[in-house]
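**Student:** Pasting a structure here, questions to come.
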Amino acid sequence: PKMKEDNCLHAALICLGMLYYSHAITTEKLNHARPSLHGHHEKGKEGQVLHRSKRGWVWNQFFVIEEYTGPDPVLVGRLHSDIDSGDGNIKYILSGEGAGIIFVIDDKSGNIHATKTLDREERAQYTLTAQAVDRNTNRPLEPPSEFIVKVQDINDNPPEFLHENYHANVPERSNVGTSVIQVTASDADDPTYGNSAKLVYSILEGQPYFSVEAQTGIIRTALPNMDREAKEEYHVVIQAKDMGGHMGGLSGTTKVTITLTDVNDNPPKFPQSVYQMSVSEAAVPGEEVGRVKAKDPDIGENGLVAYSIIDGDGMDMFEITTDYETQEGVVKLKKVIYGVSILCGLPLAPASQMFKGTIVVRLPILQHCSRCMSVTMQICCDFDQAPKRTHLMGHYFTFPLYSIDRHTDLERYFTINAEDGNIKTIKALDREEIAWHNISVFAVEIHKQHQEAKVPVAIKVIDVNDNAPKFAAAYEAFVCENARSNQ
């Protein structure tokens with residue numbers, strides 16, 4: 001097919017060359033038919049004398065088709081002066097750009113030929129000077145005349161895009177017709193001659209998602225609701241074709257990578273509707289109770305999740321913060337757990353009533369005062385509003401048993417009430433023998449034998465006046481019979 005196109009092009013060029021040559025011969029015949037107009041006149045049909053001004057060169061502009069590769073030099077045109085009578089006494093001389101190298105002239109006939117293949121994209125025209133001189137004396141017969149040889153364009157350059165690859169972004173779910181990017185191609189052929197440089201853009205790959213404007217090369221979205229979470233990147237191929245897009249035109253292509261940018265079109269969702277957490281009765285405010293995590297398919301800032309407690313009887317006792325590194329909601333104890341508490345169960349509402357981004361967290365808590373408690377919280381992300389719930393209430397109690405570690409009370413001075421923890425003496429205590437008794441007391445839950453506590457108890461024996469004074473030894477004394485008073 002390529003060889004066939006070249007042969008057709010060569011045939012067309014030869015035809016055009018023959019046309020130029022035919023035109024030159026016709027002009028030459030017309031000029032030969034006219035007598036020289038230097039100081040001469042001629043009679044009209046009715047004997048009128050028709051005066052003519054001096055005629056210079058026949059042409060002052062020639063054309064030659066670029067890329068001609070025929071076997072013979074291509075005829076550009078013919079120079080002819082009115083004073084040339086055809087006897088060979090006039091010699092034509094050519095000078096200027098490319099004279100003698102690219103363009104040669106027959107000094108007798110004035111025929112100009114191009115001896116080399118010309119490329120309009122390298123040089124579009126040449127300025128030459130012609131002169132007629134006496135062949136014997138080289139005396140100028142006319143002043144020099146300047147003329148131009150223009151290189152005629154053919155469609156020998158395909159369109160070329162400014163970039164081999166383009167990259168563009170457009171927000172997901174954009175309206176149909178949203179402008180994405182403009183691609184531009186250029187054609188080195190002559191834009192002022194024919195359609196060799198008239199470009200038309202079309203899309204080869206990327207339908208039905210995108211379209212391109214034929215005249216401007218602007219790429220636009222062609223489908224509504226394109227979802228980044230379903231497909232993020234699209235590869236589009238755009239073609240630019242010259243000759244107005246008609247058959248036989250040359251074409252060039254470029255690739256465009258279009259990325260859908262994220263918009264916040266997805267609410268966060270928890271992977272489960274209920275979380276079970278527990279906290280020790282000895283926990284202090286600020287201690288972490290558990291973590292929850294919602295998933296958001298959006299990215300960047302649109303995918304960041306913030307957590308808050310919006311309902312439940314644990315709102316005053318617990319708080320939730322956001323771990324921005326893991327995107328988790330961290331449930332923490334807000335207050336110290338005191339007193340009798342109530343177990344509150346929050347049954348889930350039907351799925352149709354659930355707001356996206358909302359969960360229920362149940363927290364059973366080991367409590368002081370021999371009670372246990374469970375609180376329920378609704379945790380939401382992105383601050384959604386949760387539906388109201390129905391509360392069910394009930395009570396649960398546990399009773400620990402108390403006992404003395406007998407390794408710390410070998411003489412069994414004390415006993416303890418197993419139910420209320422009251423410690424009593426079972427033997428008389430003598431402070432003068434043992435002033436302090438250090439024992440240990442166990443507390444064990446009835447229904448949870450693995451839950452036990454041990455505490456040291458220091459008992460001080462208080463002194464009472466139960467001992468009479470005693471002399472350390474028996475004393476003997478002597479006195480004289482004649483001793484005076486106070487001796």
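The values are calculated or read from the model by the stated rules, or taken from the named source; none is laboratory data. The model shown is predicted, which means the values in this text are computed figures rather than measured ones. A quick note on method: Cβ atoms are made from the backbone with ideal geometry, for glycine too, and the neighbour counts reach across all protein chains shown. When the accessible area is computed, the model is the full protein with side chains, heavy atoms only, and any ligands, DNA or RNA have been set aside. Shrake-Rupley method; radii C 1.70, N 1.55, O 1.52, S 1.80 Å.
**Student:** Taking the conditions exactly as written (open to solvent by 30 Å² or more (accessible area, probe 1.4 Å) and either in the same structural domain as G86 (by the TED database) or in a loop (DSSP other than H, G, I, E, B) (or both)), does I154 satisfy them or not? Steps first, please.
**Tutor:** Numbers: open to solvent by 30 Å² or more (accessible area, probe 1.4 Å): no; either in the same structural domain as G86 (by the TED database) or in a loop (DSSP other than H, G, I, E, B) (or both): yes.
Criteria not met by I154.
**Student:** Take T259 and decide whether it is in a loop (DSSP other than H, G, I, E, B) and at pLDDT 95 or above.
**Tutor:** For T259, the condition - in a loop (DSSP other than H, G, I, E, B) and at pLDDT 95 or above - is not met.
**Student:** On the basis of being surrounded by 14 or more Cβ atoms within 10 Å (Cβ to Cβ), over 13 Å from F161 (Cα atoms) and out of contact with any Leu (no Cβ under 6 Å at 6 or more places or on another chain), does V256 make the cut?
**Tutor:** On the way: surrounded by 14 or more Cβ atoms within 10 Å (Cβ to Cβ): yes; over 13 Å from F161 (Cα atoms): no; out of contact with any Leu (no Cβ under 6 Å at 6 or more places or on another chain): yes.
For V256, the condition - surrounded by 14 or more Cβ atoms within 10 Å (Cβ to Cβ), over 13 Å from F161 (Cα atoms) and out of contact with any Leu (no Cβ under 6 Å at 6 or more places or on another chain) - is not met.
**Student:** Just one of T137, T127 is surrounded by fewer than 17 Cβ atoms within 10 Å (Cβ to Cβ), modelled with pLDDT of 85 or more, of a type in the set (S, T, Y) and not in a loop (DSSP other than H, G, I, E, B); which is it?
**Tutor:** Testing whether each residue is surrounded by fewer than 17 Cβ atoms within 10 Å (Cβ to Cβ), modelled with pLDDT of 85 or more, of a type in the set (S, T, Y) and not in a loop (DSSP other than H, G, I, E, B) leaves just T127.
**Student:** Do you know which residues across segment 226-243 are surrounded by fewer than 18 Cβ atoms within 10 Å (Cβ to Cβ) and under 30 Å from V305 (Cα atoms)?
**Tutor:** Of everything in segment 226-243, those that are surrounded by fewer than 18 Cβ atoms within 10 Å (Cβ to Cβ) and under 30 Å from V305 (Cα atoms) turn out to be D227, E229, A230, K231, E232, E233.
**Student:** Sticking with this one: Quick check: anything in segment 83-105 within 30 Å of D187 (Cα to Cα), part of a strand (DSSP E or B), among the hydroxyl-bearing types (S, T, Y) and at pLDDT 85 or above?
**Tutor:** no
**Student:** Considering only segment 305-366, give the strands (runs of 3 or more DSSP E) lying wholly within it that have at least 1 residues that are surrounded by 14 or more Cβ atoms within 10 Å (Cβ to Cβ) and at pLDDT 70 or above. Lay out the reasoning, then the answer.
**Tutor:** Values: elements: 307-312, 318-323, 328-333, 343-345, 358-366.
In segment 305-366, 307-312, 318-323, 328-333 are the strands (runs of 3 or more DSSP E) which contain 1 or more residues that are surrounded by 14 or more Cβ atoms within 10 Å (Cβ to Cβ) and at pLDDT 70 or above.
**Student:** Take the residues in segment 406-457 that are in contact (Cβ under 8 Å) with a residue 12 or more places away in the chain and of a type in the set (S, T, Y), then tell me which one is nearest to A282 (Cα to Cα).
**Tutor:** Looking at residues that are in contact (Cβ under 8 Å) with a residue 12 or more places away in the chain and of a type in the set (S, T, Y), I get S440.
**Student:** Within the set of pairs 6 or more residues apart or between chains, which connect a residue that is open to solvent by less than 40 Å² (accessible area, probe 1.4 Å) inside segment 94-117 to a residue that is of a type in the set (D, E, K, R) with Cβ atoms less than 6 Å apart?
**Tutor:** I102/K116; G110/R78; N111/R78
**Student:** Which condition breaks for H246 when tested against (1) of a type outside the set (V, I, T); (2) buried (at least 19 other Cβ atoms within 10 Å of the Cβ); (3) under 30 Å from N157 (Cβ atoms)?
**Tutor:** All conditions are met except number (2).
**Student:** Would you please list the contacts, defined by Cβ atoms under 7 Å and residues six or more apart or on different chains, that run from a residue in segment 230-253 that is under 15 Å from V183 (Cβ atoms) to a residue that is assigned to a loop (DSSP other than H, G, I, E, B) and open to solvent by 20 Å² or more (accessible area, probe 1.4 Å)?
**Tutor:** So the pair list comes out as Y234/Y209; A240/L199; K241/L199; S251/P158; G252/P158.
**Student:** Next question, about the same structure. What residue, among those in segment 191-202 that are out of contact with any Pro (no Cβ under 8 Å at 6 or more places or on another chain) and open to solvent by less than 30 Å² (accessible area, probe 1.4 Å), is farthest from N169 (Cα to Cα)?
**Tutor:** S196
**Student:** Specify the residue that is farthest from D466 (Cα to Cα); the eligible residues are those in segment 413-426 that are of a type outside the set (V, I, T) and open to solvent by 90 Å² or more (accessible area, probe 1.4 Å).
**Tutor:** E419
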